[in-house]
Structure formats: C-alpha cells, structure tokens
1. Quick check on the chain: helices-only [θ] at 222 nm, where DSSP H runs of length 4 and up contribute -39,500 (n - 2.57) each and the sum goes over total residues. Nearest 500, please.
2. Going by the alpha-carbon gyration tensor, a ≥ b ≥ c the square roots of its eigenvalues, is region 1-72 rounded (a/c under 1.5) or, if a/c is not under 1.5, prolate (a/b greater than b/c) versus oblate?
3. In the chain, what percent of the accessible surface is made up of carbon and sulfur (1.4 Å probe, ligands and nucleic acids excluded)?
4. Can you give the Rg/Rh ratio of the chain, where Rg is from the C-alpha atoms and Rh is the Kirkwood radius?
5. Kirkwood hydrodynamic radius of region 57-123 from all distinct Cα pairs, in Å?
6. If I build a Gaussian network model for the chain, linking alpha-carbon pairs within less than 10 angstrom, which residue out of Gly115, Gly86, Gly100 has the largest mean-square fluctuation?
7. How much net charge surrounds Gly8 when only other residues with a Cβ under 10 Å from its Cβ are counted (Lys, Arg +1; Asp, Glu -1)?
8. May I ask you to list the trypsin sites (Lys or Arg not before Pro) in region 37-141 that are in a DSSP loop and have at most 13 other Cβ atoms within 10 Å of their Cβ?
Amino acid sequence: MVLITLVGKEQSQIGNRFYYIGPLTECRDCRLKGVCFNLEPGHKYEIVKLRDTEHDCELISEKVRVVEVAKVPTKVLIPKKYAIEGSVITYDDIDCGRLGCKNYEYCHPIGLKKGAKKTVVNNIGKIDCPEFDNLVLVELD
C-alpha cells in the first residue's frame, strides 16, 4: 500500500526519515490536512518516492511536496522468549535508566507506547547489555 503525505520541499529527498508526531491544531482548517495527517502518530517513515506536485503551506511558510513514504520498523530490545518472527507481542519497555548506555534508544524507543500490540518482523539477535542477559534486538511493525 502506497502512503502519501506532504513534507517541506527542503526535506523532500529520497531516503530521508522522520517521525510523524500527529496532527497540529493550527492545520484544522487546511484543505490539505487529509494528506498530511494520514500517517500513524509515533512512527518513523522513510521517503521512498518524490512526486512533482507542490503546494503552499501557511504553517511552515514554504512549499511542501507530495511524497510517497514507507513505515520504518522500530528496533527494540525485548526478552528472548518473545522474539519469534511473526508473533504478535504486547510491548513493554525495559526498566533501565542507564542514559549513557549504547542500547538506551532500543530500551526506550521513540513513539512506542507500553501495551501496544506489535508484530515481530525481524529478530536481529543478542546484544551486549550491562544490565540484562536475556534481551535480543528485534524490529517491530
């Protein structure tokens, strides 16, 4: 399924990634809001194709371009016993507060809420963790 949205002309390059945080109240009367706000809040997307169409955007005071995007799987650490490709899990974040840890972003991924139902799409494998010995890095859709 092709996902279409609008991004600022300066950011509209194939391969650029962004987090969609959700609709803005300032845009509630915009005629293009249906195109901007059709993504899933809290998820990361990658621009995969550029279209020629551009529009004016009053909010960012520049042109926005129509682009095709793909959802990027979220990399997270989960207990090994749940890391079965194709399985649906209820996400629970890792209770670790080591801010300087190289794996911190995988224990506390942006946009992923505790209790969310997610599918394990790829088991990347075991990681070196100073706190826990049963965690593996996976990609969730």
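The values are calculated or read from the model by the stated rules, or taken from the named source; none is laboratory data. From a predicted model like this one, the values you see are computed outputs, not experimental measurements. Heads up, the Cβs are rebuilt from the backbone with ideal geometry, glycines too, and the neighbour counts pull from every protein chain shown. Note: areas computed on protein heavy atoms with side chains; ligands, DNA, RNA excluded. Shrake-Rupley method; radii C 1.70, N 1.55, O 1.52, S 1.80 Å.
1. On the way: 2 runs with 8 residues, N = 141.
After summing the helix terms and dividing by residue count, I get -1000 deg cm²/dmol.
2. Working: a/c = 1.70, a/b = 1.20, b/c = 1.42.
Here region 1-72 falls in the oblate category.
3. Details: 4500 of 9030 Å².
Carbon-and-sulfur percentage of accessible area, whole number: 50.
4. Working: Rg = 17.8 Å, Rh = 16.9 Å.
My calculation of the ratio gives 1.05.
5. On the way: mean 1/r = 0.0692 Å⁻¹.
Result for region 57-123, one decimal place: 14.5 Å.
6. Gly100
7. Details: positive: Lys9, Lys63, Arg65; negative: Glu10, Glu62.
Charge balance in the 10 Å sphere: +1.
8. Numbers: sites: Lys44, Lys49, Arg51, Lys63, Arg65, Lys71, Lys75, Lys80, Lys81, Arg98, Lys102, Lys113, Lys114, Lys117, Lys118, Lys126; in loops: Arg98, Lys102, Lys113, Lys114.
Filter output for region 37-141: Arg98, Lys102, Lys113, Lys114.
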